[in-house]
Amino acid sequence: MQNSEYIRLFKLTATLMELHEANPFKIKAYQGAAYQIEQLTTPLSEMTLQSIEGTNGLGKSIAAKIEEIKTTGNFAELKELLENTPQGLLEILNIKGIGAKKIRTLWKELNILSREELLEACYEDKVCKLKGFGEKTQQSIIQELIFSQSQKEKFLYIEVEALAETLEADLKEIEKDVLVSISGEYRRKLETIQSLQYIVGADDALQFINNLESHS
């Protein structure tokens, strides 16, 4: 497990604790732990419990959580927070521009538990009337929700990189001397990819298609 995963888990813990109005000092402890791990040049997976405990900003309590994550991939406190958080709120937490405090307000004041319910509340001008929101925030939420919906069937470039190269190699294996070149969104290195497209040059296109079908 890379350090980035520990950072993600501790940041998520801090966010969920804020959502549930937990002790502010505990929230800061997890935020601080995530920050300190970001500064490390050594993978936590290679560090002993003693060396982690001696790392500035971590200490025994966080070190114990790290050891638990090493063993199980998670830790008890985060599991409990996740169990007490409606699934729909976890999706809302990914919306840019609104933090845990605002999401708690949406949850408690409007009983919003999903992105769909949030969008509907925005269109009905219920969100802008809440304390701390306003028309500008409401419009920002609408735009973010619409954008994220349009990206729903897409993947990040880095997520499809290995698959794209594997498919290209597989296509070249189907027929000797065939020319294969990846094109489209991947070739242009767009941030998000909806589909992988290839240009194939073969002496007999129909034969290649038949070979491709039998190969699959």
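The values are calculated or read from the model by the stated rules, or taken from the named source; none is laboratory data. As the structure is a prediction and not an experimental result, all values here were calculated from the model. These area figures cover heavy atoms from the full protein model, side chains too; ligands, DNA and RNA do not enter into them. Shrake-Rupley method; radii C 1.70, N 1.55, O 1.52, S 1.80 Å.
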| request: Starting from the Cα of Lys26, draw a straight line to each of the lysines and keep only those under 29 Å, dropping any in the same chain fewer than 8 residues away. | output: Lys11, Lys60, Lys65, Lys70, Lys79, Lys96, Lys101, Lys102, Lys108, Lys131
| request: Starting from the residue with the highest accessible area, list His215, His20 in decreasing order, probe 1.4 Å. | output: His215, His20
| query | In Å², what does the accessible area per residue of the chain work out to with a 1.4 Å probe? | reply | 63
| query | Long-range amide H contacts for Tyr198: which residues qualify at under 5 Å (H placed 1.01 Å from N, peptide plane, sequence gap of 5 or more or a different chain)? | reply | Ser183
| task | Please build a GNM for the chain, connecting alpha carbons under 10 Å apart, and tell me which residue among Gln149, Gln39, Gln31 fluctuates the most. | result | Gln39
| said: Using a 1.4 Å probe on the protein heavy atoms, what percent of the accessible area of the range 67-112 belongs to carbon and sulfur? | reply: 41
| Sequence-distant residues sharing a close amide H with Phe155 (under 5 Å, placed H) | Ile193, Gln194
| Once fully extended, how much extra length lies between Arg187 and Lys60, figured as 0.36 nm per residue of separation less the alpha-carbon to alpha-carbon distance? | 40.9 nm
| query | In whole angstrom, how long is each semi-axis of the equivalent ellipsoid of the range 59-116, when you take the square root of 5 times every eigenvalue of its Cα gyration tensor and sort them from largest down? | reply | 29, 12, 10
| Sequence-separation-based contact order of the range 44-110, relative, with Cα cut under 8 Å and 6+ spacing, percent | 15
| Nearest-ten-degree value, helix 24-39 long axis tilted from longest Cα axis of the chain | 40
| query | In percent, how large is the relative contact order of the chain, given Cα pairs closer than 8 Å and 6 or more residues apart? | reply | 13
| Rounded tilt (10° steps) of 157-174 against the dominant C-alpha axis of the chain | 20
| said: Using Cα springs under 10 Å in a Gaussian network model of the chain, which residue among Glu120, Glu80, Glu18 shows the largest mean-square fluctuation? | reply: Glu80
| message | From the Cα trace of the chain, what convex hull volume per residue do you get, rounded to a whole Å³? | response | 190
